[in-house]
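Comments concern the structure below.
The values are calculated or read from the model by the stated rules, or taken from the named source; none is laboratory data. Predicted, not measured: the structure shown is a model, and the values here were computed from it. Every residue, glycine as well, gets a Cβ built from its backbone with ideal geometry; the counts of neighbours run over all protein chains shown. What goes into the accessible areas is simple: the full protein's heavy atoms, side chains included, and nothing from ligands, DNA or RNA. Shrake-Rupley method; radii C 1.70, N 1.55, O 1.52, S 1.80 Å.
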Amino acid sequence: MKTRTKLLLGNWKMNKTLKEAKAFAKDSVELSVLAKENNIELGVAPTFLCLEAVKKINPDIIVAAQNLHYEEKGAFTGEISIPMLKEIGINWSIIGHSERRQYNGESSLSCNRKILAMIANDMIPVYCCGETLEEYESGITKAIVRDQIRTGLANVAKEKASKIVVAYEPIWSIGTGVNASKEIAQEVCAFIREVLEEMFGATVAKEIRILYGGSVKPENIKSYLSAKDIDGALVGGASLDIQSFKLLLQNIL
Ligand code: PEP
């Protein structure tokens with residue numbers, strides 16, 4: 001069975017101009033060396049505009065898109081396809097981030113189309129799931145997350161599923177500074193692994209990496225990563241500054 005390598009992924013959202021992204025990429029080279037020496041996978045998800053430059057400047061950092069379209073080409077104004085990404089060496093993408101679900105009408109069903117297209121093209125999706133504050137307060141977190149996982153990952157072949165990364169991001173903790181406690185995060189991530197086991201069997205479920213995301217900071221990252229079912233972090237705000245990104249990495253070495 002494949003062991004789960006720790007993964008630290010920064011989601012830049014709509015931040016950083018090309019010039020700023022290039023400066024970060026240059027500074028990140030030494031962090032990639034440190035990550036590699038410690039068997040940690042390190043990555044960032046810049047805007048489409050900056051993907052190629054970041055990848056060129058630091059070929060050792062995972063460079064992920066923040067979204068993509070499931071069709072190869074066609075009349076989809078404003079969209080970016082898998083062949084376009086692959087041509088510039090991009091093999092990863094975040095899928096179904098809550099901000100895309102909230103502002104761009106993304107659903108678990110549309111995520112499923114994207115994930116199936118990615119897998120058919122040997123790409124790695126980082127599939128985001130998580131409940132709203134209202135859902136959390138109503139005690140239906142697990143039902144929501146279960147549905148997101150079952151729908152988003154439907155029809156993924158068992159032999160391909162271990163490459164997928166899942167990110168549990170309670171919406172009420174994204175960018176708010178209100179963290180889910182380590183215990184809550186672990187409970188939901190363990191539950192996600194149970195759902196993955198129902199879908200893909202125990203061995204594959206044990207190989208799939210599950211990240212926690214939501215106001216992760218250098219001060220709290222270690223605690224999350226000490227939880228049994230949390231294999232890394234998807235970090236927004238605290239990944240933007242190179243010093244903070246460095247501390248996030250150093251604190252999980
Ligand atoms: C995110 O964008 O995925 C995220 C978790 O953001 P933040 O770390 O800023 O809460």
For this session: Treat each spin label as a single point 7 Å out from the Cα along the C-beta direction, and report the I88 to A202 distance in nm.
Result: 4.5
For this session: List, in the order given, every pair from K36/K163; K19/K73; K86/K160; K26/K246; K114/K160 whose Cα-Cα distance in the structure shown is over 24 Å.
Result: K19/K73
For this session: Pop a pseudo-label 7 angstrom from the Cα along the beta-carbon direction at both N155 and T17 and give the gap in nm to one decimal.
Result: 4.4
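On average, how much area does the Cα convex hull of the chain cover when viewed from any direction, in nm²?
Working: hull surface 49.5 nm².
Averaged projected area of the chain's Cα convex hull equals 12.4 nm².
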For this session: Could you look at the stretch 6-250 and say what percent of its accessible area is carbon and sulfur, using a 1.4 Å probe and all protein chains?
Result: 51
For this session: Rounded to the nearest 0.05, what FRET efficiency do E72 and E183 give with R0 = 30 Å and r taken as the Cβ-Cβ distance? Could you check?
Result: 0.10
For this session: Place the peptides 86-93, 170-177 in order of packing, highest mean first, counting for every residue the other Cβ atoms within 10 Å and averaging per peptide.
Result: 170-177, 86-93
Seminar exercise, completed: Membrane-span-like helices (DSSP H runs, Cα span along own axis at least 20 Å, mean Kyte-Doolittle at least -0.5) in the chain -> 18-37, 182-200
For this session: Choose one answer from V44, V33, V188: the residue with the largest mean-square fluctuation in a GNM of the chain with alpha-carbon springs under 10 Å.
Result: V33
Exercise. Counting only heavy atoms of protein chains, what accessible area per residue, in Å², does the stretch 115-198 have with a probe of 1.4 Å?
Worked result: 43
Exercise. Taking Rh as the Kirkwood radius computed over C-alpha pairs, what is the Stokes-Einstein D of the stretch 69-154 at 4 °C in a medium of viscosity 1.567 mPa s, expressed in µm² per second?
Worked result: 94
For this session: Using a cut-off of under 12 Å, list every residue of the stretch 205-231 whose amide N is near the label point 7 Å from the Cα of L247 along the Cα-to-beta-carbon line.
Result: 217-221
For this session: Excluding E52 itself, calculate the net charge of residues whose Cβ lies under 13 Å from the Cβ of E52, where each Lys or Arg counts +1 and each Asp or Glu counts -1.
Result: +3
Problem set entry | Accessible area in the full protein assembly, largest first, 1.4 Å probe, for R146, R100 | R146, R100
Exercise. Which GluC sites (Glu not before Pro) in the stretch 186-228 pass both tests, a DSSP loop state and at most 12 other beta-carbon atoms within 10 Å?
Worked result: E219
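Just from its helices, what would the mean residue ellipticity at 222 nm be for the chain, if runs of 4 or more DSSP H residues each count -39500 (n - 2.57) and the sum is divided by every residue, rounded to the nearest 500 deg cm²/dmol? Please report the intermediate quantities before stating the final value.
Working: 12 runs with 115 residues, N = 253.
Helices in the chain give a 222 nm mean residue ellipticity of -13000 deg cm²/dmol.
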For this session: State to the nearest 20 debye the size of the charge dipole of the stretch 1-111 about its Cα centre, where the only charges are +1 on K and R beta carbons and -1 on D and E beta carbons.
Result: 160
Problem set entry | Under 19 Å from the Cα of K22 - aspartates and glutamates, other chains or at least 8 residues apart | E30, E52, D60, D241
Problem set entry | Cross-link table K206/K228; K13/K158; K182/K222, entries beyond 20 Å C-alpha to C-alpha | K13/K158
